[in-house]
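Q: The structure's right below; bear with me while I get my questions together.
The values are calculated or read from the model by the stated rules, or taken from the named source; none is laboratory data. Keep in mind the model is a prediction, meaning the values are calculated, not measured. Note: ideal-geometry Cβ built from the backbone for every residue, glycine included; neighbour counts use all protein chains shown. These area figures cover heavy atoms from the full protein model, side chains too; ligands, DNA and RNA do not enter into them. Shrake-Rupley method; radii C 1.70, N 1.55, O 1.52, S 1.80 Å.
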Amino acid sequence: MSEECLICSAPLEYLEKDERMECAICHRSESSKTRCVKGHYVCNECHTKGMDRVIGLCLEETSGDPIYIMKKLMSQPFCHMHGPEHHVMVGSALLTAYKNAGGELDLPSALLEMSSRGKSVPGGACGFWGACGAGISSGMFVSILSKSTPLAREPFALSHMMTSTALGRIGEIGGPRCCKRDSFLSILAAIDFVEEQFGIKMEKTEIVCGYSKENSQCIGKRCPFFGENR
């Protein structure tokens, strides 16, 4: 997990404009602003290879604690220090914990939908869209469980409120990005939101980060989960 570039471990660089790049793994060509300083590019699909395992892992899970579930997903080989896999994992962990905590939900169908929606949010959305994919994933979670559509009234409002709450907490800490920190912040926001709005109490365990050494942009004591803050 200790890497920037998945090919050579060199630092990543972010360009001002999209450029046509060839994936160093599958050789598919697509537009992106991100590559390593040595020129390597890895597409989202290759970066998240193996992520289909998320659904199976979640269906096997019995915990009502989304933090516990998220940590298990983070420990899998398909999960890197940073990457768009978190855009699926946050919502999946929340859907699973919600179901296990007593919420009414067709979990297999919900997880499939979460995977489809989460994969549509590209890596780097946090910096280029002004909306972290982990925060958006929490909004997708509420949208799925409330059956929101563009024409819905209350579900439409709730899903937007969830996303804005998560993004607000992420924005309060500031950058640079950390997919682990932002995922945990989004899940904690969702735990409180769901209890207030849906009456389902998911478990909430204390978070002490174990990823600082793997993150070359770790913000240290500014992070609420940094070990030395405990």
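Q: From the residues in segment 26-71 that are charged (D, E, K, R) and open to solvent by less than 60 Å² (accessible area, probe 1.4 Å), which one is nearest to residue 208 (Cα to Cα)? Give the steps one after another, and end with the answer.
A: From segment 26-71, those charged (D, E, K, R) are 28, 30, 33, 35, 38, 45, 49, 52-53, 60-61, 65, 71; that's our starting set.
Next cut, open to solvent by less than 60 Å² (accessible area, probe 1.4 Å) only: 30, 33, 61, 65.
Details: 30: 38, 33: 32, 61: 22, 65: 15 Å.
This residue is 65.
Q: Within segment 185-219, track down each residue that is open to solvent by 70 Å² or more (accessible area, probe 1.4 Å), in contact with a helix residue (DSSP H, G or I) (Cβ under 9 Å, 6 or more places away or on another chain) and among the acidic types (Asp, Glu).
A: Result: 203, 206.
Q: Same structure, new question: So, residue 126, is that one more than 21 Å from residue 149 (Cβ to Cβ) and open to solvent by 20 Å² or more (accessible area, probe 1.4 Å) or not?
A: yes
Q: Here's a follow-up. Kindly provide the set of residues from segment 129-162 that are buried (at least 24 other Cβ atoms within 10 Å of the Cβ), over 21 Å from residue 52 (Cα atoms) and out of contact with any Ser or Thr (no Cβ under 6 Å at 6 or more places or on another chain), ordered by number.
A: The answer is 132, and nothing else.
Q: Specify the residue that is most open to solvent (accessible area, probe 1.4 Å); the eligible residues are those in segment 72-102 that are aliphatic (A, V, I, L, M) and over 15 Å from the mean Cα position of the chain (by Cα). It would help to see each step written out before you state the result.
A: Step one: of segment 72-102, the residues aliphatic (A, V, I, L, M) are 73-74, 81, 88-90, 93-95, 97, 101.
Applying the additional criterion that residues be over 15 Å from the mean Cα position of the chain (by Cα) yields 97, 101.
On the way: 97: 0, 101: 39 Å².
Filtering first and then ranking leaves 101.
Q: Name the residue, out of 83, 135, that is assigned to a helix (DSSP H, G or I), closer than 20 Å to residue 209 by Cα and either at pLDDT 95 or above or out of contact with any Cys (no Cβ under 6 Å at 6 or more places or on another chain) (or both).
A: Working: 83 fails: assigned to a helix (DSSP H, G or I).
Within the list 83, 135, the selection yields 135.
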